Amino acid sequence: MDELKNGLVSAIPQMRAYALSLAGNLDDADDIVQEALERLLRRWSEPTGDTFNLVAYAITTVRNIFTDRRRYDARFVPITHQSGSVLHAH
């Protein structure tokens, strides 16, 4: 588990840069990276094979979380109220 934690800590800058390129702002990027780290630590099982690339796996997790969030956000349609404020409905 220590090897996983050390590998993830070293991957954070790459994960963060990729998440920022997807999300477009630092707050959302940091949220995505945090969720990815939580998911990786929670679901981790030792990979089989000598060619496992933890950074690539972490980056893929970042992309999947970003995609999941986009799909979730797409379910909501903004509705403009008579007062001009925007309401959200599903």
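Things to note:
- Among (1) more than 11 Å from Ile59 (Cβ to Cβ); (2) surrounded by 15 or more Cβ atoms within 10 Å (Cβ to Cβ) - the single one Leu22 does not satisfy: (1)
- Meets criteria (among the aliphatic types (A, V, I, L, M) and modelled with pLDDT of 95 or more) for Ile79: no
The values are calculated or read from the model by the stated rules, or taken from the named source; none is laboratory data. A quick note: this is a predicted structure, and the numbers were derived from the prediction, not measured. When we count neighbours, we look across all protein chains shown, and the Cβ atoms used for this are built from the backbone with ideal geometry, even at glycine.
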